[in-house]
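Down below is the structure, laid out as structure tokens.
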Amino acid sequence: MAAHVRSVVIPAAGLGTRILPATKAFPKELLPLVDRPIIQYGVEEAVAAGCRRVVLVTSPDNTMTAAHFAPNPALEAVLEKRGKSETLALVRSVSAMAELTTVHQAQPLGLGHAVLMAAPAVRGEPFAVVLPDDVIDAEPPALRSMCDLFAELDGPVLLVERVPRDAVNRYGIIDASPLRQGVYRVRDLVEKPDPADAPSDLAIVGRYILTPDLFPVLEQTGAGAGGEIQLTDGLRDLMAQRPIYACELSGVRHDAGSRLGFLQASLYFALKRPDLAPALRAYLRTLD
Ligand code: UTP
């Protein structure tokens, strides 16, 4: 039986160029979807999957993201004095959610490099990776299904989603053989293939369950596409040593790191909120 997955690594040290200028001085992962920062959705999903240790990878000059998950005694005192008990409970629930460790990635040298920076913090155990931009609504939560699969198969598990053929060049794509409905053994991975050469339409999206034997492999992985150390390249090298599996997403994913995806995610989550949905729907009907 595979070890329990207790840590989640959240890489958040990228430049966020797709959504500039919003991210020029402000961390992308703190942009709000309704009233919660993008990253909080990912942390809540990880906690629901049993990962209470959060390893946040940020650039050294970003202190705001960790601050979101830390207690804020001054704010809490004001809310208490004003008798705002519901808001106080909400604020406290964010800092009580998980045990946070921050590690720094001095330069955005790629996702593989960001994951490597988290190596000491995961203490030689299997760990999850959540890319905060990919905000997923699924029941059971996607990461929980992946942890269950990891417990069964005792090998790294990637989350994949079918994407339109003309979009494969934006993702890592797997070549895989099905083990059963929605579960695959990965045969190969290619980063951003040309649609004509893509081995499938199964794209790797922002959730992984990984094992610590990936770290020495990543240390040897050279720069790949875009001059960055790609996680996909590291996984490809790891596959020479052990089987890797994939789990197909059943749920809804938004890429909140793109302009359109951010807007769609904002509307999607607002329309799920009983306190906002009726007025928002009425407003949307007045447009167009
Ligand atoms: P993305 O490529 O989606 O994010 O990386 P980005 O680089 O910030 O954004 P764009 O493409 O320029 O708009 C996926 C995740 O990996 C993190 C990002 O912060 C994001 O959460 N990342 C990426 C790192 O932590 N370090 C890196 O070197 C690259």
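Enumerate the whole-percent occupancy of each 5 Å bin, from 0 to the last occupied one, for all C-alpha pair distances of region 218-261.
5, 17, 16, 14, 19, 18, 10, 2
Ignoring ligands, DNA and RNA, please state the percent of accessible area on region 128-211 from carbon and sulfur, probe 1.4 Å.
The value for region 128-211 is 44 percent carbon and sulfur by accessible area.
Label points 7 Å out from Cα along the Cβ direction at Ala67 and Lys84: separation in nm?
With each label placed 7 Å out from Cα toward Cβ, I get 1.7 nm.
Taking 0.36 nm per residue of separation and subtracting the Cα-Cα distance, what length does fully extending Arg273 through Leu75 add?
68.7 nm
Identify, among Gly155, Pro140, Ala118, the residue whose Cα sits farthest towards the positive end of the charge dipole of region 117-160, taking +1 on the Cβ of Lys and Arg and -1 on the Cβ of Asp and Glu, with the dipole about the Cα centre.
Ala118
In whole Å, what are the extents of the chain along the principal axes defined by its C-alpha atoms, from largest to smallest?
Computed over the Cα atoms, the extents are 60, 48, 38 Å.
Taking the Cα atoms of region 96-144, what is the range of coordinates along each of the three principal axes, in descending order and whole Å?
Sorted largest first, the three principal extents are 35, 22, 22 Å.
What figure, in Å² to the nearest 10, do you get for the accessible area of Asp61 with a 1.4 Å probe and non-protein molecules left out?
Asp61 exposes around 130 Å² with every protein chain in place.
Give me the net charge of Gly112's neighbourhood, meaning all other residues with Cβ under 15 Å from the Cβ of Gly112; Lys, Arg count +1, Asp, Glu -1.
Values: positive: Lys192, Arg236; negative: Glu191, Asp213, Glu219, Glu228, Asp233, Asp237.
It works out to a net charge of -4.
Give me the percent of DSSP beta bridges within the chain that run antiparallel, rounded to the nearest 5.
If we restrict to bridges inside the chain, about 60 percent are antiparallel.
Between Lys192 and residues 5 or more places away or on another chain, which pairs have amide H atoms under 5 Å apart, with H built 1.01 Å from N, and which residues are they?
Here Tyr171, Gly172, Ile173 satisfy the definition.
Mind telling me which of Leu202, Leu276, Leu153 comes out most flexible in a GNM of the chain, alpha-carbon contacts under 10 Å?
Leu276
Please give me the summed charge of the neighbours of Glu228: other residues whose Cβ is under 12 Å from its Cβ, Lys and Arg +1, Asp and Glu -1. All intermediate terms of the calculation are to be shown ahead of the outcome.
Details: positive: Lys192; negative: Glu191, Asp233.
Local net charge: -1.
Starting from the Cα-Cα distance between Asp154 and Ala240, subtract it from 0.36 nm times their residue separation and give me the gain in nm to one decimal.
29.4 nm
Using a 1.4 Å probe and ignoring any ligands, DNA or RNA, find the accessible area of Tyr245 and quote it in Å² to the nearest 10.
Roughly 30 Å² of Tyr245 is accessible to a 1.4 Å probe.
Applying 1/(1 + (r/R0)^6) with R0 = 25 Å to the Cβ-Cβ distance of Asp197 and Arg18, what FRET efficiency is obtained, to the nearest 0.05?
0.55
Please give the net charge around Val5, taking every other residue with its beta carbon less than 14 angstrom from that of Val5, where Lys and Arg add +1 and Asp and Glu add -1.
+1
Counting heavy atoms of the protein chains only and a 1.4 Å probe, report the per residue accessible area for region 109-268 as a whole number of Å².
42
Heavy atoms of the protein only, probe of 1.4 Å, neighbouring chains included. What is the accessible area of Val160 in Å², nearest 10?
Around 0 Å² of this residue is reachable by solvent.
Take the solvent-accessible surface of the protein heavy atoms, probe 1.4 Å, and return the percent of it on region 40-94 that carbon and sulfur atoms account for.
Reported share for carbon and sulfur atoms: 59 percent.
To the nearest Å, what is the center-to-center distance of region 117-143 and region 213-288, using C-alpha atoms only?
Between the Cα centre of region 117-143 and that of region 213-288, the gap is 12 Å.
Determine the dipole magnitude for the chain: charges of +1 sit on the beta-carbon of Lys and Arg, -1 on that of Asp and Glu, nothing else is charged, the reference point is the Cα centre, and the result goes in debye to the nearest 20.
In total the dipole reaches around 760 debye.
Have a look at Lys84, Lys192, Lys28 and tell me which one the Gaussian network model of the chain (Cα, springs below 10 Å) gives the largest fluctuation.
Lys84
Could you run the Karplus curve 6.51 cos²θ - 1.76 cosθ + 1.60 with θ = phi - 60° over region 121-136 and give me ³J(HN,Hα) per residue in whole Hz, x for Gly and Pro?
6, 8, 6, x, 10, x, 8, 9, 10, 10, 8, x, 4, 7, 9, 10
Could you state, as a whole-number percent, how many of the C-alpha pairs of region 13-158 are farther apart than 23 Å?
That tail contains 41 percent of the Cα-Cα pairs.
If you build a Gaussian network model of the chain, linking Cα atoms that sit under 10 Å apart, which residue out of Gln230, Gln40, Gln107 swings the most?
The residue with the greatest mean-square fluctuation here is Gln107.
For the chain, with the dipole built from +1 on Lys and Arg beta-carbon atoms and -1 on Asp and Glu ones, taken about the Cα centre, which of Val91, Ala256, Met239 lies farthest toward the positive end?
Positive-most Cα among the choices belongs to Val91.
Roughly what % antiparallel, to the nearest 5, for the DSSP beta bridges in region 1-124?
15
Quick check for you: with a 1.4 Å probe and neighbouring chains kept, what is the accessible area per residue of region 15-98, in Å²?
Accessible area per residue: 53 Å².
The values are calculated or read from the model by the stated rules, or taken from the named source; none is laboratory data. The structure displayed is predicted, hence computed values, not measured ones. We place every Cβ from the backbone using ideal geometry, glycine too, and count neighbours over all the protein chains shown. Heavy atoms of the whole protein, side chains included, go into the accessibility calculation; ligands, DNA and RNA do not. Shrake-Rupley method; radii C 1.70, N 1.55, O 1.52, S 1.80 Å.
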